[in-house]
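Trainee: I have a structure here, written as structure tokens, and I will follow up with some questions on it.
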Amino acid sequence: MITLLLWFLLVLLDPFQCVDIVSVVLNIAQQEHTIRSEGLEVCFVQLRAYREQVNLDHTMGSILQGLGSNYPITIAQQTRPVLMYGVRDATLVLMDATGHGSKFPSTLATHRLDTHECYRKSAKFIVIVDTACNRTELTSFFHRHGVLNYVAIPLEPPEPNSAKPFVQELYTANPFTNEWHLFNGRDHNRSSTARYYPNKLANIHGYELLAFGLYEFPYIFEVTGNHTAGLLMELLHNLIVRKLNGTVRMVRSERTPPLPGRTEFDLTFAYTSFRAHYMHDVSLKERGGYCVLCPFHTERDFLRHLLKPFSFGIWAVLGALLVGCRLLGHLFPALFERNLLEQIFFTAGASHRQPFPTRIVSFSAAVLIFFLSEAYNAKIVSLMSDSKYFDRPESVRELIESDLKVAIPGVRASLLAESLPGKLVSRRRAEALYRERGPLLFNEYCTVMYCYLAYLQTSVGRNLHGFQQYVLPDMVSEQLRTLQLATHSPFYDTFAEYYERYFQSGIWMYRLEYMNRKLVREMRSLGSRLEEVVFHFEDLVCVWVLIVVGWVLSTVGFVAELLWVWLEHRYGGYLWQRSNRLFRKSRI
């Protein structure tokens, strides 16, 4: 009898131990409001038609009235598409999915969550469903849409004119561990509502994050063994592998099919596409873009200097010296018995004791000739050591004003037409030139490529095809490098926050500068190995020209000497007598 009485009392008191749905929702909202410095905004999503009256309408009205009296609330009418920047994101979403029985309204809910009306993926979701609702279908839906912070509250519609329904149980699920979190409504406490939203990203249990990106040093590049490395891979390894206990796989082809159960890559780098909702993009702090790579000509321009070594003033001085020496010989035969120029240039023999005026003039002329010859020799040496390059453009503006053209084979460069007006070769013409000349095309034409590839190519120096290129300092097209996560990615907020902290700590810039310095060192060592030959034939072309010219002049002089000797032997007596007569007449 006593046992039955106790059982009867427990049955009577059981409703008083439970909490009603209004208190649960308001307690969750209050707890969320205290932990967010920016305050709380609520979004209400109705997944059934408003004209369908159910017994929970009075309960939902009480919930909305309680939320609306304390926090700004938005009711998602879904009468028109709303852009992602149109309204502010709500941090708490109340979703009414009652009235559908055992079937969760996935189609309607998908349309609501895909259009991003007033909420974001990291918002706290409170989903009110019928008691008979399929739990597996509900959790699979939220997993597909990347919503992890949700709690489902199953309610049995009460009878008309009855009390408010009480919460018997709350539940949520972890898609990475397939673990269910069940909460008894009797244990509800307004100060412990955070346990309804466990951190499901604390351990993702080997979840494979499939990433796709355009390889760009130092962010993504390939190393030996088909392994992918780079600054971005280090960031993903630290976050996904070490912190979240997942795995990362980077692919190069955009045609790689996504993993089962996914419609797109989890992360893409430098391949951002615009979305009307859930852009989920993270812009890197540093900028990148395209640079112009032009041929670097190193031919020496020495013939002009050899044929015209001095200016007009110096030539006037030499002419005055020649005329002056000849006049001194004719005007003062006693002081200048021999030709002064022969004594200076050819060391013609002269008596040892010369008059003082003769020595002064000879010394002055010898000093002048000495400095002129040294200046000429210095010019020759400079032509041998320093390259006199052709005039080359040093900016995009100078390139536009120059005669150089830009050829980009296999690429539609219509976006660069405005930056390089009148300089782009048509795509068909560029491809024809490349088929005809191959890489030697770029010894005549400039091209455009990623800046890191351009600097990588120029750091080697003279390439395997025998020519060298240089990079214009300013970019022809500047752009931000971006990382974009999947539309329904649960990692966006975690990734954005981690990247910001990673950058603010200085690790990102430290590793970036380290990899750039390492690349420069490796390229310098590679360039030194490729440039084992110190001197080339073209480096001493001016010397060869001088030698050949000397040989030609010597040959001409030698042939003239031989001709003179042959004439003397054949007409020796006649020429000797005639020369003696002319000499006597000149003495008289």
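Trainee: Tell me, what HN-Hα J-couplings in whole Hz come from the Karplus equation 6.51 cos²θ - 1.76 cosθ + 1.60 at θ = phi - 60° for each residue of region 436-442, using x for Gly and Pro?
Mentor: 7, 10, x, x, 5, 4, 7
Trainee: Could I ask something else about it? Whose amide H sits under 5 Å from the amide H of ALA173, counting only residues 5 or more places off or on another chain, with H placed in the peptide plane?
Mentor: Here the answer is HIS181, since their amide H atoms fall under 5 Å of that of ALA173.
Trainee: Right, something else. For region 124-133, just list the computed ³J(HN,Hα) in residue order, Karplus coefficients 6.51, -1.76 and 1.60, θ = phi - 60°, integers in Hz, with x standing in for Gly and Pro.
Mentor: With the stated coefficients, region 124-133 comes to 8, 9, 10, 10, 9, 10, 6, 4, 7, 4 Hz.
Trainee: Which far-off residues, 5 or more places away or on another chain, put their amide H under 5 Å from the one on ASP266, with H placed in the peptide plane?
Mentor: Amide H to amide H, under 5 Å and 5 or more residues apart or across chains, ASP266 pairs with LEU210.
Trainee: Quick one: if the Förster radius is 25 Å, what FRET efficiency do THR482 and ARG144 give, using the C-beta to C-beta distance and rounding to 0.05?
Mentor: So the FRET efficiency works out to roughly 0.50.
Trainee: Which whole-Hz couplings ³J(HN,Hα) result when phi for each residue of region 476-490 is put into the Karplus expression 6.51 cos²θ - 1.76 cosθ + 1.60, θ = phi - 60°, listed in order with x for Gly and Pro?
Mentor: Couplings: 7, 8, 9, 8, 8, 7, 10, 10, 10, 8, 4, 4, 10, 8, x Hz.
We did not get these values from a lab; they are worked out from the coordinates using the rules stated. These numbers were taken from a predicted model, which means no experiment stands behind them. Don't worry about glycine lacking a Cβ; one is built from the backbone with ideal geometry, like all the others, and counts go over all protein chains shown.
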